[in-house]
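See below for the structure under consideration.
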Amino acid sequence: MKHPQPDRSLMIHGLLDEALIIPDLRASDREGALREMIRLLCVRDRRYSGKELYEKLLQRERLGSTAVGDGYAIPHCKVKALDDPMVLLAVSRKGVAYDAIDEKPIHVFFLVVTSAENPSVNLRILAAVAHLIRRSRPLLKKMQKARSGGELIALVRDVEEKLG
């Protein structure tokens, strides 16, 4: 399977907002993690119901786990009438059971919600996140040590700037 090439002009740190970062995710299973992240998204954008987002994310998980291995997952879905993509970053120190292909717990989540009307944006963001996590082995450990949203954004920015 050919993976889309990352868009070098698309920087994940530019899509992150401290208001959409959970530096210490509490959930221990997939459903709980999705619900915890969705609650924060729904506070940020009240147009979408938690139930709608949860169902869309679970529907995507049923197609195959979005856990990409090495402690990362990229849950994602598309919704109607979304102007700008939303990217939520969550870090779990204890790990979340998430049906990962390598059977390891997930420690870092990049939850991506994009517009159904512009599917190419979804692919570009997913490719950029995959590139980021594939190219930076120490990122996971550094993220687990970070204590704030600002620190997490700075870590992502530093890695992206080094990757060019």
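Scanning region 8-21 for residues that are over 18 Å from V121 (Cβ atoms) and of a type in the set (S, T, Y) turns up nothing. Just one of the listed residues (A128, A81) is modelled with pLDDT of 95 or more, more than 22 Å from G32 (Cα to Cα) and of a type in the set (A, V, I, L, M, F, W, C), and it is A128. Looking only at region 93-110, residues that are in contact with a helix residue (DSSP H, G or I) (Cβ under 7 Å, 6 or more places away or on another chain), touching a residue at least 40 places away in the same chain (Cβ under 8 Å) and surrounded by 21 or more Cβ atoms within 10 Å (Cβ to Cβ) come to 4 in all. In region 61-71, the count of residues that are buried (at least 20 other Cβ atoms within 10 Å of the Cβ) and assigned to a loop (DSSP other than H, G, I, E, B) is one or more.
In this entry, L57 is excluded by the filter for residues that are at pLDDT 95 or above and in a loop (DSSP other than H, G, I, E, B).
When E36 is tested against the conditions (1) farther than 24 Å from M11 by Cα; (2) within 14 Å of the chain's Cα centre (by Cα); (3) free of Cβ contacts under 8 Å to residues at least 24 places away in the same chain, the lone failure is (3). Residues that are of a type outside the set (K, R) and surrounded by fewer than 17 Cβ atoms within 10 Å (Cβ to Cβ) were ranked within region 26-39; the one that is farthest from P75 (Cα to Cα) is S28.
For region 1-50, filtering for residues that are modelled with pLDDT under 90, under 29 Å from K162 (Cα atoms) and not polar (S, T, N, Q) leaves 8.
The values are calculated or read from the model by the stated rules, or taken from the named source; none is laboratory data. Please read these numbers as outputs of a predicted model, since none were measured by experiment. Ideal geometry is used to build each Cβ from the backbone, glycine not excepted, and the neighbour counts take in all protein chains shown.
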